[in-house]
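Q: Just dropping this structure here.
The values are calculated or read from the model by the stated rules, or taken from the named source; none is laboratory data. This is a predicted model, so every value here is computed, not measured. Cβ: placed from backbone, ideal geometry, glycine included. Neighbour counts: every protein chain shown.
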Amino acid sequence: MEFRLVADTFQRLEKTSERLELISILASLFSHADASNVHMIVYLLQGRVSAPYTGIEIGLGEKLVEEAISRAFGVDKGEVERLYKELGDLGIVAERLASHKRQMTLFSEPLTLERVYGNFYRIATASGEGATETKVRLLVDLLKDAEPLEARYVVRIPLGRLRLGIGDATILEALALSKLGDRAYREDLERAYNYVSDLGHVARLLFEEGLEGVRNVRPVVGIPIRPALAQRASSLEEILQKTGGECAAEAKYDGFRLQIHKKGSDVWIFSRRLENMTGLFPDITSAVLQQVDAEEAIFEGEAIAYNEETGEFYPFQVTIQRKRKYGVEKAAEEYPLKLFAFDIVFLNGEDLTPRPYSERREILESIIKPGDTVVPSERIVARSVKELRDFFESCVERGLEGIIAKDLKAPYIAGARKWAWIKYKRVMKSQLSDTLDLVIVGYYKGRGKRAQLGIGGILGAVYDPSDDTFKTVAKVGSGFTEEQFVELKNLLDEIAIPHKHPRVVARIDADVWVEPKYVITVLADEITRSPNHTAAWDGERGLALRFPRAVSFVREDKGPEDATTVEELVEMYKQQKHVKVGEGEDSY
Ligand code: AMP
């Protein structure tokens with residue numbers, strides 16, 4: 001396929017501020033693709049060449065890209081730098097230089113999608129001596145033959161600055177519309193995607209085998225499955241009511257969620273965001289090999305630093321020290337982790353996701369041999385509020401966050417927040433029962449002292465899965481240090497866009513709009529009704545946070561679709577009412 005078509009489409013997507021239009025523009029691009037190249041479009045749309053879990057990233061730094069531009073267009077590097085300062089976007093610099101060159105050269109080999117993707121793949125995987133030179137050469141090769149508009153994207157892709165902000169759901173809907181004639185088939189595609197976490201693979205399967213092939217997708221050892229998520233309950237009664245009067249309740253550990261895959265003597269460990277983190281957990285890897293009695297398995301657990309002597313759990317900050325890569329061995333010695341295994345989705349060739357939780361749990365317990373590191377999560381089966389409350393209180397006393405109740409009959413629902421899992425956390429006085437994870441959709445320049453920083457607050461939104469949009473709920477201006485504000489501004493300027501993003505629904509303006517990408521955690525005093533915010537809009541008012549303050553910097557472990565959902569916000573709003581009318585049950 002001609003790359004020209006892809007570049008034209010990218011340009012149209014950039015100019016669009018309507019979500020349905022994004023879908024139809026994309027669907028029309030997909031209608032030109034076939035089974036051999038549809039995955040290339042899907043990956044390039046996301047600025048990648050492979051599924052995120054593979055860890056294969058194009059990532060070229062600005063300096064190398066400038067070098068390639070200078071060589072491709074025969075201008076010196078100083079000139080490229082000067083143009084970059086003037087135009088603020090290396091993509092536009094390349095576009096401009098390509099259009100000058102166009103007037104001079106007569107013919108070149110037109111770029112194809114296959115060639116662009118192929119070069120980027122080779123850039124992403126080049127390694128060893130001479131890799132840097134190889135990468136620059138591969139980029140020069142593309143730029144030399146690029147039309148001006150193509151050059152814009154050939155430069156933005158490796159810099160990770162495509163800024164199209166196309167979400168997974170939008171791609172799935174466009175594929176469904178293009179290949180199956182109806183956006184509603186997104187559900188089937190999403191189900192497959194939840195099992196293999198690879199949009200490119202799902203797209204190719206759809207083109208090769210149609211709907212049938214997509215419906216037959218099962219979990220595969222070595223490929224992460226998108227994790228099941230928990231709903232939030234406002235009372236223990238609600239938990240019993242949602243689970244039919246009987247449920248399991250497990251301790252809720254505040255650690256790292258790990259998805260562990262084992263095949264013979266190979267072990268893979270994936271994070272909640274499906275990054276391969278095997279290298280960070282050598283202790284857990286060897287414990288899995290010793291303690292897990294299965295040839296092939298995919299199971300999940302929460303890893304948390306634990307003091308064997310006192311029986312206490314360390315706070316999350318201690319557990320997370322692992323993320324600083326150097327010192328893995330040292331951290332493993334000082335703060336050994338325990339892995340509380342809580343679910344299993346695949347065992348020796350069998351997909352366990354359709355089986356009820358009670359059976360999966362039995363199977364999980366049967367394959368864990370006694371040992372110090374891997375243990376099944378603590379749990380009870382409860383039939384009354386009293387049993388749930390007693391267990392909840394004993395967990396809180398030991399410094400745990402609360403409990404996660406599980407519907408005994410529910411299948412494992414990959415990638416979705418359903419009532420199969422229900423969390424119930426301890427509540428602090430005069431605060432909301434829980435923090436919220438907000439997506440930053442814009443920022444404000446700041447007044448007074450903040451004016452110097454150039455940023456005084458952000459506009460935060462919650463996620464609405466029903467239409468794949470982000471709806472605003474608060475302006476957040478406190479909780480960040482000055483240094484954090486400066487760092488935040490730098491991050492946000494990288495993803496600034498000239499107009500409100502098509503997936504953002506807002507009634508107020510931001511000074512600078514950004515692509516919905518970064519998530520922060522906030523705490524607030526109260527949720528109130530407000531005509532300014534669009535979350536849970538009832539025709540006149542939406543929901544807003546009172547006195548919101550950031551309690552985290554940008555969350556590395558959460559993407560925009562992992563933010564608090566509108567539904568959860570509404571639950572929290574209701575829960576706070578409960579607290580007010582004095583249902584002591586909720587006010588821990
Ligand atoms: P939250 O992140 O507050 O939505 O809570 C859900 C998270 O709790 C899961 O993603 C897990 O990381 C964590 N978790 C801790 N203990 C358990 C457990 N026993 N079962 C399931 N999830 C757990």
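Q: Cβ-Cβ below 8 Å, separation at least six or inter-chain, first residue in the range 249-277 and among the hydroxyl-bearing types (Ser, Thr, Tyr), second more than 13 Å from the ligand (Cβ to nearest atom): which pairs?
A: Listed by first residue and then by second, the contacts come to Ser265/Leu289; Ser271/Met277.
Q: Here's a follow-up. Give the range 221-237 a look and list any residue that's under 29 Å from the mean Cα position of the chain (by Cα) and not in a loop (DSSP other than H, G, I, E, B), or say none.
A: Leu229, Ala230, Gln231, Arg232
Q: Go through Ile320, Ile344 for me and flag whichever is over 21 Å from Lys262 (Cα atoms) and surrounded by 15 or more Cβ atoms within 10 Å (Cβ to Cβ).
A: After ruling out the rest, the residue left standing is Ile320.
Q: Would you please name the residue that is farthest from the ligand (Cβ to nearest atom), looking only at residues in the range 382-425 that are basic (Lys, Arg) and part of a strand (DSSP E or B)?
A: Per the criteria, the residue is Lys418.
Q: Considering only residues that are not in a helix (DSSP H, G or I) and not charged (D, E, K, R), look in the range 177-219 and name the one that is farthest from Asp351 (Cα to Cα).
A: The selected residue is Gly181.
Q: Moving to a separate point now. Of Tyr43, Tyr53, which residue is part of a helix (DSSP H, G or I), touching a Gly at 6+ places or on another chain (Cβ under 7 Å), touching a residue at least 12 places away in the same chain (Cβ under 8 Å) and not assigned by TED's automatic domain parsing to the domain that holds Val505?
A: Tyr43
Q: Tally time: how many residues in the range 270-286 are surrounded by 24 or more Cβ atoms within 10 Å (Cβ to Cβ) and more than 13 Å from the ligand (Cβ to nearest atom)?
A: Matching residues across the range 270-286 total 1.
Q: Now a separate question. Could you name every one of the strands (runs of 3 or more DSSP E) located completely within the range 476-531 that has at least 2 residues being under 23 Å from the mean Cα position of the chain (by Cα)?
A: Qualifying strands (runs of 3 or more DSSP E): 512-514, 519-523.
Q: Answer yes if at least one residue in the range 247-260 is of a type outside the set (Phe, Trp, Tyr), touching a strand residue (DSSP E or B) at 6+ places or on another chain (Cβ under 9 Å) and not assigned by TED's automatic domain parsing to the domain that holds Ala410, and no otherwise.
A: The answer is no, given that none of the residues of the range 247-260 is of a type outside the set (Phe, Trp, Tyr), touching a strand residue (DSSP E or B) at 6+ places or on another chain (Cβ under 9 Å) and not assigned by TED's automatic domain parsing to the domain that holds Ala410.
Q: Continuing with the same structure: Quick one: in the range 214-226, of everything that is touching a Leu at 6+ places or on another chain (Cβ under 8 Å) and within 16 Å of the ligand (Cβ to nearest atom), which residue is farthest from Ala416 (Cα to Cα)?
A: Top of the filtered list is Pro224.
Q: Note down all Cβ pairs under 6 Å where the first residue falls in the range 14-32 and is more than 16 Å from Arg4 (Cβ to Cβ), the second is exposed (fewer than 15 other Cβ atoms within 10 Å of the Cβ), and they're at least six residues apart or on different chains.
A: Ser17/His499
Q: Over 16 Å from the mean Cα position of the chain (by Cα) and either within 14 Å of the ligand (Cβ to nearest atom) or surrounded by fewer than 18 Cβ atoms within 10 Å (Cβ to Cβ) (or both) - does that describe any residue in the range 195-207?
A: No - not one qualifying residue is present in the range 195-207.
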